[in-house]
Every structure is written in C-alpha cells, then in structure tokens.
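Take a look at the structure set out below.
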Amino acid sequence: MTDLHRLSIRELAEGLAQAQFSSRELTAHYLKRIEKIDTQVNSYITVTAEQALAQADAADAAIKAGTASTLTGVPIAHKDIFCTQGIKTSAGSKMLDNFISPYDATVVAKGKTAGLVTLGKVNMDEFAMGSTSENPFYGATKNPWNLEHVPGGSSGGSAAVVAADLAPFSTGTDTGGSIRQPASFCGLTGLKPTYGRVSRFGMIAYASSMDQGGPMARSAEDCAYLMNVMAGHDAKDSTSIEKEVDDYVANLNGTSVKGLRIGIPKQYFNVAGLDADVKARVEESLKKLEEMGAILVEIDLNMTEAYVPTYYLIAPAEASSNLSRFDGVRYGYRCENPTDILDLYKRSRSEGFGAEVQRRILIGTYALSAGYYDAYYVKAQKVRRLIQQDFLKAFENVDVIAAPSAPTTAYKIGANLSPTEMYLGDIYTLAVNLAGLPAINAPVGFDQAQLPVGLQLIGNYWSESQLLSIVHQYQQNTDWHTKRAAIAEENA
Ligand code: GLN
C-alpha cells in the first residue's frame, strides 16, 4: 500500500488488527517517507529506525498472538523533551546533545506499554522556550504548508511531522501555548490537558507549574486515542492528580453541541495585532458551531492585559531555577580546558545554551533575587490568581470559551521578531497555563497566503473529553482537518 500515511489512527488500528498490513510495513513506510521528505522539513533530531523496526516486529507478534491492545503497532514521534531510555534526549539544546537518558519518561513508557512504535525524536525550540522552532543548534524546522514559514513552537517538530505525514501523531508539551500554537500554524488538532492530567516525569522541565504534555494529530478523534495512552496519575510526579481517567475515544460524541454555551471574551477580539483573516476564520467557525446548536455568549475577561507580563515573569523565574542543574559537571555539555570550577560553570553554560535560553535565565534570576522577589515574583503570583479567578467566574455562565490560538498565521523563517513582539504572539495561550486549564486547537481554514488558522476552545478543569467531543462534532460537519499540505501528498 502506498497511502498508509493517509489513514487516521482508528483506520491504522483497525488495519493492523485485521492484518490488512503489518506494523513492519507501516513503520518502514514512514521511515522511507522520513528519509525522502524530512531533508526539506527538518523535523526529526533523531530517527530511531532500527529500534522502530524491532518494536514493529514485536507488535506484529503480539497482534498474531492475540495479546495486542488498541494501538499496538501504530507509529509515533516524541518531542525531544521526553526522556527516552538509551536514546538521545536533547531538549533541542547543544547542552544536552550528548545526553543519553538512562530512563523513559512516563509518557514514553506508557506509549511502549500501549504497543506504540517510536519513529524518533523531533525538533523544538531550545528547552521549549520560543514560538518558532528556529532552533539555534539543530536548525529551523519548516512549516509543511509553506517551507519558508515556521511551524510554530515550541512543539514545532511535533506539528511538522504530522502535517507532512512523517508520523501519524505525536507528543507535544505546552507551558504557554506550545501545543496549541504549532497546531494552529500547521492546521492540526492539539490538546493541552488540565495541569496534572498527564505525568511530567521524565519531561525535561521548563516552568514546572505550567508544563503539561499532550497529543498532536490531525483530528480530535486521533488526539483522543493518544490521550487514552498519555493521561493518568503517576506516583513519580507529585503534581499529577489521582483522578479517574475518561475514555476519550468512547466519549467523542458525549457532549451535546446543542445548547452548549460558548463564551466569547470581548477583550480577545479587540487585541492589537489580531490578523483580519484569523479573526474572520475564527468567527466563521463560531458561526458554524452556532448553526450546530451552540449559543454564543459575550463574556468579560478583564485580566487580558496582564497575561503576557505575568507569564513572562513566572516562566523565566521557574526556568532559571530548573536550568541551574545544567552546569557541565555530571552530564551535558562541558567546555574545553576549564581553569577552575567557576570557569567551568560559566563557559559550559554560555557555550551550551542559546541566546533565548540565556535571556530567560537572566530575567528569571533577576526576578527571584533578594530585594526584587516580592516586587516581581510574588506580585506576579498574585496576578496569576486573579487571572484564574477571572476564568472561574466566566465558567459560572458558559461551558467553554472561544479564542484564536494565535493572533497571526505562521511567521516567515528569519522574521527576527524582537523578544517583545514574539512574546505578544502568545497572548491567547498563556492564561490557560497560568490557570492550569485545558484547551484545544482545531483547524478552521486558511488565510490569503494559504496558511492554516486555528480556533482555540478553553474548558473548565478536567473537561478534556468535552473539548475533544465538541471539536470531533465540528470536524464531522466540516473538512478543514482533512486538508493536506502538498508535501504530505508526496509519495516516498
Ligand atoms: N512561546 C511560549 C514561550 O516561549 C510558550 C512555550 C511553551 O509552551 N513551551 O515560553
């Protein structure tokens, strides 16, 4: 079969179970595509061909023996922020280019238990700090819709592999929008779960109070299959929540769009910098949901102006603490010929980290230093609470909240936005992480340059099933999620 990469996750699972094709065939098919097409996209940092074929053979044996589970033999790509035993885990940094993880992240381990076949590890912004995946060490990943544009970030590789059909689905992480914004830029569906739903164990930390892993795929249905694997309590992550996991696939039609109250925040649609095409596509998608029976309700989210400054204070503060472990001593990059321990620290860190990571370590260290801690960090934490309360108040009156995922479509590679311009592009995603809420991106059309536009739906805590269900039903009534970039149509 030459078109295995066009099948949905459900079709792949069924095809494997019914022996229409083997996992080895499917895996080899993807590996061939990666070899041919990824020279243009630059999405994989590491391709684990040998291991993937061995896993595929094991999957085929399990299927034959009748011991397989739903997804046994389906390939996946992991963001290179998830630790993979025996395989390089770089977090997109020169600092960890030589790091072979001695253990698997829980998300990776759960994938193995479910029988998933790992194709490899994909590119990202260094340590997940950024919005373009223009990686200073591994190079820029390209947007499959237009190779002169970025795929978004930080999970840009995770988005590009799916949009170019170089993996059927992928894992991403979202600290301030890194699943939703690249999903939006690449025309995909991506879910950022409630903080605590997916284990952070073995996920290299950026801002621990906001980091959360989640699925990226073509459709809500595909995401639901991966959520069934990723979600759940993990004793190894103290912030993971002991709460029963939904069956996200079984619940895909579980939420009624009829009568669903969708909040439209007044403040969100008047943001300076909101692109006219993005606004128009998002409004059209809301009209569609209205036709399907939803009720649009205007709401106030008064803290909107505080999102960017609050996030860009708290996230760097946590990052400066988390990244202090990379000192060139036990693992990671070490400078040549250090003269003493201080020289070792200083040069290993200046040579091993890229510019954006260094910028954030500096900002975060400053904000946490004695004398500034109360004025900046403590204050930001208080504002964070107000942002959360703003959402909780809104959810007394609506079921979900709608917004664009990003004010623009994908930037050009090398656009060289200033840090402030770049940070402002995160206006629609950051508050969700500050509040710990779940949110989903769904593709809802294109701008004039044929670049994808995304709708974001934000839910109350633990409403992942509801969000997936709403998007699933939208996708049963529209076909944006079935559109493919030209490069994805290419055969290997
Ligand atoms: N773009 C945001 C940042 O640079 C979000 C990144 C993320 O979610 N990991 O921090």
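Note on Glu148 and Tyr366: with the Förster distance fixed at 60 Å, the Cβ-Cβ geometry gives a FRET efficiency of about 0.95. Ranked by the mean number of other Cβ atoms within 10 Å of their residues, highest first, the peptides 241-250, 194-203 fall in the order 194-203, 241-250. Rolling a 1.4 angstrom probe over the chain with all protein chains present gives an accessible area of which 50% lies on carbon and sulfur atoms. Amide H to amide H distances under 5 Å link Tyr411 with Val150, where only residues 5 or more positions off or on other chains count and H is placed in the peptide plane.
Our note on the geometry: Cα centres of region 1-72 and region 431-492, 24 Å apart. Between Thr482 and Asp343, the modelled labels are 6.6 nm apart [label points 7 Å from Cα along Cα→Cβ].
When you count the other C-beta atoms within 10 angstrom of each residue and take the mean per peptide, 50-56, 67-73, 268-274 line up highest first as 67-73, 50-56, 268-274. For Asn491, what charge total do you get from the other residues with a beta carbon under 14 Å from its beta carbon, if Lys and Arg give +1 and Asp and Glu give -1? Surrounding charge for Asn491 is 0.
Remark: the Lys266-Asn98 segment gains 55.7 nm on full extension, using 0.36 nm per residue and subtracting the alpha carbon distance. Which residues does the label zone of Leu417 cover in region 272-289, counting backbone N under 13 Å from a point 7 Å along Cα→Cβ? Only 272-275 pass the distance filter. Model label sites at Asn251 and Ala17, defined 7 Å from Cα along the beta-carbon direction, differ in position by 2.1 nm. Average projection, convex hull of the Cα set of the chain: 21.7 square nanometres. With contacts taken as Cα pairs under 8 Å at a separation of at least 6 residues, region 295-395 carries a relative contact order of 41 percent.
The simple spin-label model puts a point 7 Å past each Cα toward its Cβ; for Lys32 and Ser321 those points are separated by 5.1 nm. Note on region 324-350 and region 186-220: Cα centroid distance 31 Å, given to the nearest whole angstrom.
Ranking Asn460, Leu386, Pro404 by how far each Cα lies toward the positive end of the dipole of region 351-492 (charges on Cβ) leaves Leu386 at the top.
Rolling a 1.4 Å probe over the heavy atoms of the protein chains gives the chain an accessible area of 37 Å² per residue. A cut-off of 5 Å between modelled amide H atoms, ignoring neighbours fewer than 5 places along the same chain, links Val117 with Gly73, Val74, Ile76. Report note on the peptides 112-123, 225-236: ranked by the mean count of other C-beta atoms within 10 Å, highest first, their order is 112-123, 225-236. Gain on full extension, evaluated as 0.36 nm per residue between Leu386 and Asp57 minus their Cα-Cα distance, stands at 113.2 nm. Bridging of Lys243 to lysines at a Cα separation below 29 Å is possible for Lys79, Lys110, Lys112, Lys192, Lys258, Lys382, Lys393, once same-chain residues fewer than 8 apart are set aside. Counting charges near Tyr248 (Lys, Arg +1; Asp, Glu -1) among other residues having Cβ under 15 Å from its Cβ returns a value of -1. In the chain, helical runs assigned H by DSSP with n ≥ 4 each contribute -39500 (n - 2.57); averaged across all residues and rounded to the nearest 500, the mean residue ellipticity at 222 nm is -11500 deg cm²/dmol. About its Cα centre, the chain has a charge dipole of approximately 540 debye under the convention of +1 per Lys or Arg Cβ and -1 per Asp or Glu Cβ, with nothing else charged.
The values are calculated or read from the model by the stated rules, or taken from the named source; none is laboratory data. None of these values were measured; they are calculated from a predicted model. Glycine also receives a Cβ, built like all others from the backbone with ideal geometry; neighbour counts cover every protein chain displayed. Protein only, heavy atoms only, side chains kept; ligands, DNA and RNA dropped before computing areas. Shrake-Rupley method; radii C 1.70, N 1.55, O 1.52, S 1.80 Å.
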